[in-house]
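Visitor: Once you've had a glance at the structure underneath, I'll fire off some questions.
The values are calculated or read from the model by the stated rules, or taken from the named source; none is laboratory data. Just so we're clear, the structure is a prediction, and the values are computed from it rather than from any experiment. All Cβ positions, glycine included, derive from the backbone under ideal geometry; neighbour counts span all protein chains shown.
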Ligand SMILES: NC(=O)c1ccc[n+]([C@@H]2O[C@H](COP(=O)([O-])OP(=O)(O)OC[C@H]3O[C@@H](n4cnc5c(N)ncnc54)[C@H](O)[C@@H]3O)[C@@H](O)[C@H]2O)c1
């Protein structure tokens, strides 16, 4: 695709999946705004994209936990890059913990950043997308844990189911305006996700229900196969084609099918057990 003249805005653009998305859009000629809580990392992404692809870029330090911060970022992007055609609401923080040990603070933080952060991002940038009339897309980053839920990830998974529901609703509501919405379900990628989440957790949230055996328990429940944790650039290899085709769903891996199919079959069976009404 030729996206010259378009602008892609990416939250969580400071590294990992977000910067790989930046390379996808900049590689197609789009200008890119990298937004991240880590302002320096966002600036580095923007500088690398400008240097490698010769596209206009900008960056900003943004906390998706705050409406004022996300609103300010939208004004900044409009002033510097002139608008937004592709929006990737990609920030997510990870918080392990068994369902009976996750604290109120764990839940509040994860739901505020992952769910309300996604809602705030769309609310602040949707007017910019609506002001354009060309090819427009919104990408909502969920997780493969929506396809194959695992133990010890209750708050995170709940947040990713919530953003999936948000994306589904948004897709229906924006279809008539020609703004496509795709929910992305990434699988395991080599990123700083655990470290960046620890760094992003506000210092005044003192107590967490996470325990040392959470990661082991999760991996025992859903073992990760050899080669199944991939480079984010490899993970996004289909993204642009999926957006071009206006696919409702995009994945980064072809795994998790068996668990997903068991869940789908159980739902089919539940429907089959009932009559029409
Ligand atoms: N890495 C994986 O295996 C994996 C798997 C499934 C889903 N995901 C999802 O992919 C997305 C990107 O994660 P990643 O793996 O690239 O990790 P990452 O750490 O590289 O990116 C996450 C970014 O979000 C930023 N961030 C955290 N809190 C923020 C806030 N309040 N406001 C603004 N920015 C904030 C971090 O600074 C970081 O740069 C997340 O939604 C994550 O849940 C990752």
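Visitor: What number goes with the only condition from (1) crowded, with 24+ Cβ neighbours inside 10 Å; (2) out of contact with any helix residue (DSSP H, G or I) (no Cβ under 6 Å at 6 or more places or on another chain) that residue 33 does not pass?
Guide: (2)
Visitor: A further question follows. How many residues are crowded, with 19+ Cβ neighbours inside 10 Å, in a helix (DSSP H, G or I) and touching a strand residue (DSSP E or B) at 6+ places or on another chain (Cβ under 8 Å) if we restrict to region 76-125?
Guide: Looking only at that region, the number is 8.
Visitor: It is to be established whether one or more residues within region 191-203 are surrounded by fewer than 18 Cβ atoms within 10 Å (Cβ to Cβ) and over 19 Å from the mean Cα position of the chain (by Cα).
Guide: yes
Visitor: Let me ask something else. Tell me which helices (runs of 4 or more DSSP H) are completely within region 150-268 and hold 2 or more residues being over 27 Å from residue 84 (Cα atoms) and within 16 Å of the ligand (Cβ to nearest atom), or say none if there are none.
Guide: 154-174, 193-200, 214-221
Visitor: State yes or no: is residue 142 buried (at least 20 other Cβ atoms within 10 Å of the Cβ), within 25 Å of residue 256 (Cβ to Cβ), in contact with a helix residue (DSSP H, G or I) (Cβ under 7 Å, 6 or more places away or on another chain) and modelled with pLDDT of 95 or more?
Guide: Against the criterion (buried (at least 20 other Cβ atoms within 10 Å of the Cβ), within 25 Å of residue 256 (Cβ to Cβ), in contact with a helix residue (DSSP H, G or I) (Cβ under 7 Å, 6 or more places away or on another chain) and modelled with pLDDT of 95 or more), residue 142 qualifies.
Visitor: Also, quick follow-up: Give me a count of the residues in region 206-242 that are in contact with a helix residue (DSSP H, G or I) (Cβ under 7 Å, 6 or more places away or on another chain) and either surrounded by 14 or more Cβ atoms within 10 Å (Cβ to Cβ) or within 25 Å of residue 258 (Cβ to Cβ) (or both).
Guide: Counting residues in region 206-242 that are in contact with a helix residue (DSSP H, G or I) (Cβ under 7 Å, 6 or more places away or on another chain) and either surrounded by 14 or more Cβ atoms within 10 Å (Cβ to Cβ) or within 25 Å of residue 258 (Cβ to Cβ) (or both) gives 8.
Visitor: Restricting to region 72-90, what's the tally of residues that are within 23 Å of residue 135 (Cα to Cα) and within 15 Å of the ligand (Cβ to nearest atom)?
Guide: Residues that pass the stated criteria total 8.
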